[in-house]
Every structure is written in C-alpha cells, then in structure tokens.
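The values are calculated or read from the model by the stated rules, or taken from the named source; none is laboratory data. Note that the coordinates shown come from a computational prediction; the quantities given were computed from them, not determined experimentally. So basically every Cβ, Gly included, is an ideal-geometry build from the backbone, and we count neighbours across all protein chains shown.
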Amino acid sequence: MSYTEEVYERVVAQNPGEPEFHQAVKEVLDSLKVVIDKNEEEYRRLSILERLVEPERIISFRVPWVDDSGKVQVNKGYRVQFNSAIGPYKGGLRFHPSVNQSILKFLGFEQIFKNSLTGLPIGGGKGGSNFDPKGKSDREVMAFCQSFMTELCKYIGADTDVPAGDIGVGGREIGYLYGQYKRIRDLSEGVLTGKGLTYGGSLVRTQATGYGVVYILDELMKAHNDELSGKTVIVTGSGNVAIYAAEKATQLGAKVVAMCDSNGYIHDSEGIKLDIVKDIKEVKRGRIREYADRVEGASFTEGVGIWNIKCDVYLPCATQNELGLDAVKTLIANGCKYIVEGANMPTTLDATEYAMENGVLFLPGKASNAGGVATSALEMSQNSMRLSWSAEEVDEKLHGIMKDIYKKIDDAAQRYDMKDNFVVGANIAGFEKVVDAMKAQGIV
C-alpha cells in the first residue's frame, strides 16, 4: 500500500462520521501521489502527511444567546486552526444549520492549499456555527455574534488567526463580531477581514471572490485560444460570490442567463439583470424567485436542475457537492466546455473526473476562488500599515494574483506530465510551498 493510501485509511479510521473531510483529503492525496512517491522515504520519516491532515488545534464551544421572545438559545461554535506553516491561520466563519466539524475540517484543509497558492503569508483555518441568521432580527444576530466572539476572542489575533466571512456571515455579522472583539480585548487590530470601509475594510473585498473566479477563467481561456466575450454562462448561487462573478463575466462580454438559490433557479435568456438580483438579495434579503415576478420573460423553476440550461461556461458558486455526475453529463451533452468552481468543493469527485475525461477544462475552487482570501490578506496588509489602497490598486493586485495562480497550477501540472489537469496542478503547487515551510521549521 502506498504512503498516501495508508494516510487516507488512517484519516477515515480516526475521523469517523466526517464524509466531507474524507472527501477533501482523498482528492488532495490522490493528486499528490506523483509528488509523494518521488520523496516517499523522507516524507515518511518526517510524517509529513500525518501532520498535514491533522489540525493543529480545534476549538469547540457552546454559544448561548437570548432571542427576541426572551428565550435562551444555545448553538455550537467552532474554530479549526489547521496549519500555520506559512503564516497565521486565515479562513472564513460560516453560520449555517449544516455546519459541523466535518464540514469545517474539509474547508480548513482546503484553505491550506488555497492560501498557499495566493503567494501571501497566510495559513489555513476555518470556523463557524450551526446558527442560522435567516429570519433573525438584527438584535438577535448581534446577540449571537457577541456571545460567539466572547469565546472565540481567546484564540484569535492579527498575528495568530484572522477569520473572515463565509456563508451566512456578511458585513453585518463581521461588524458585530469586530465590535465585541474590540470591546473585550481593547485592541483595534486587523483581527477580522471583510470589515466595513469606515473601520479598516478594503475596497473590492466584497467583489473579490467572484471577480477572481472570472479573472482566472479569462486566463484559462486565453491560454486555450478562446475568450469569454460572447459566451453563455450559468452561475449557481445568488450570494456574494455568484453576484460578482456574474458581474465581472458580464463586464467581459459574456451573457449570464441563470442563477439560483436553495429554493430554485431563474432563467433569463436576455441576460440576468444584476441590479435586480442585488436589490433582492443584498437589500431585501429575499428569494431569487422574486426576479421572475419583476422581469418580463424570465422564469423561475422550483428545485434543482439549473444545469439543464445550455451554456458554454458553468460557474458553481453555491455550496459543497452541488454538482453531481448526472448534472455534469447533461452539461457536457449540451456543449459546456468550462467548469470553474466559485464555491468550496462544489463538484463531487466522480463528476470532476468525468468532466476532465470528457474534454471540459476544469478549475478547482482552491485555485479559482482564492481571490477572496487573497484580498482579505491585502486587507490585513493595509491594516498593518494603517492605510488604505484605492479600488484600482486592490483590483490590480487581485488580478495579478489570479494570473499568478493560473501560471503556478499550469506549470505544476506540466512538470508532472499532466497538462490541463488543474486539480493536480493546484494541489501540487499549494503543497510544495507548505511542505517546504514545515520541513524548515522542524517537528512542530
């Protein structure tokens, strides 16, 4: 049995009931096998993989808070500090009923390689709670966030661990979390990213993940003598990442014809009108079905199935494992040539393999959605220097980082004779930097 197979079996045995974490580890270890085999003796001696798959620290805690009826509610809170070899832990907080330790470990593990690919000095971490902000009043959200941060603040700091937002954690939640951190620790520091512009936030941070997805897509298409202009695009989701991926794709001449949320999907053959989507989702916190009521000729379909709409480019920007094998087969049959992940692990392993085996150019989320965390790291830099850059400066840096990520993953794939296998390329390029730092720092 190979070293990677041994470590994977150990992960499954020692982490029962954590399928998302198992899936993330398997995907990475399978693609690292070509690198590990060349250095197996040294990596075994140093237990590199055993150390890589085990979080440095997991913090789990209860979060009691009082709802508007005066009843005490209790949620679970977590922070997974996975790997700090190349810098302080960095990764979002997710507030969603589905949050559990398995999901946060998978996200934190992915974050190690994603953060490495940015070229910036940030390690991998993730956190969150099974609290659901949907339907809660601002006061209830504030009460929860303050209780959550009262415990979390003991374990984070500008040079230790810098959380950001994720699903369910936007500007409102970051504001409440930061206010409580500052109140307890008496520190005004860049301990959170995604902050408001009046208290240390960065311009372009809101748009960064979605813009980054399209910037790296653009690099991929150019490298294959193609262009985004004139292409038909589907973007799944209708949150932050999806909205700004659609916005940048539209700016570059594509037509985005479909988006969705957890209730169903909209189709507008004339091209999605993003000002209306933003009003529904960002202003009113409503459901995507409202788009069809407001735009003549648009339709809403309840449930899943957005992949049945014909497209050239498919950008899954909603959540993990949203795109399965049958859906990918349908996309390919309808002429889809590019799948670029905007969410974390939105495509199942069998669907990913099928897509790449059948001519689809596929970019994995750890490379293609790295623009958000990269811009968070730029926010950290601005906070440390007590200054702020213009939107143009930040966008230029973001664009440069995404170009560089494409170059790194393409180079890594070609070095191991796997041209256009960007899953392998991303994992190898991310791993090489982390493992060098781990070896240099001794057994820690």
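Quick notes
- On the stretch given as segment 161-190, residues that are of a type in the set (Val, Ile, Thr), surrounded by 17 or more Cβ atoms within 10 Å (Cβ to Cβ) and not in a loop (DSSP other than H, G, I, E, B) total 2.
- Every residue from segment 300-322 that is in contact with a helix residue (DSSP H, G or I) (Cβ under 6 Å, 6 or more places away or on another chain) and within 15 Å of residue 362 (Cα to Cα): 314, 315, 317
- Top-ranked residue in segment 222-240 [being modelled with pLDDT of 95 or more and out of contact with any strand residue (DSSP E or B) (no Cβ under 7 Å at 6 or more places or on another chain); ranked as surrounded by the fewest Cβ atoms within 10 Å (Cβ to Cβ)]: 225
- Some residue of segment 158-177 being touching a Ser or Thr at 6+ places or on another chain (Cβ under 8 Å), without any contact (Cβ under 8 Å) to a residue 12 or more places away in the chain and not acidic (Asp, Glu): no
- For segment 418-438, the criterion of a residue being outside any helix (DSSP H, G or I), in contact (Cβ under 8 Å) with a residue 40 or more places away in the chain and either hydroxyl-bearing (Ser, Thr, Tyr) or assigned by TED's automatic domain parsing to the domain that holds residue 156 (or both) is satisfied by no position.
- Filtered residues of segment 279-299 (kept if crowded, with 19+ Cβ neighbours inside 10 Å and more than 22 Å from the chain's Cα centre (by Cα)): 280, 291, 298
- Hey, residue 193 in a loop (DSSP other than H, G, I, E, B) and closer than 21 Å to residue 88 by Cα or not: yes
- Boolean, residue 60 is modelled with pLDDT of 95 or more, closer than 25 Å to residue 132 by Cβ and of a type in the set (Gly, Ala, Ser): yes
- Residue 388 touching a helix residue (DSSP H, G or I) at 6+ places or on another chain (Cβ under 8 Å) and farther than 30 Å from residue 329 by Cα: yes
- Matching entry among 329, 366 (being touching an Asp or Glu at 6+ places or on another chain (Cβ under 6 Å), on the phi < 0 side of the Ramachandran plot and not in a loop (DSSP other than H, G, I, E, B)): 366
- Residue 379 passes every criterion in (1) assigned to a strand (DSSP E or B); (2) more than 27 Å from residue 221 (Cα to Cα) apart from (1).
- Residue within segment 325-343 that is more than 21 Å from residue 228 (Cα to Cα), surrounded by 19 or more Cβ atoms within 10 Å (Cβ to Cβ) and of a type in the set (Ser, Thr, Tyr) present: no
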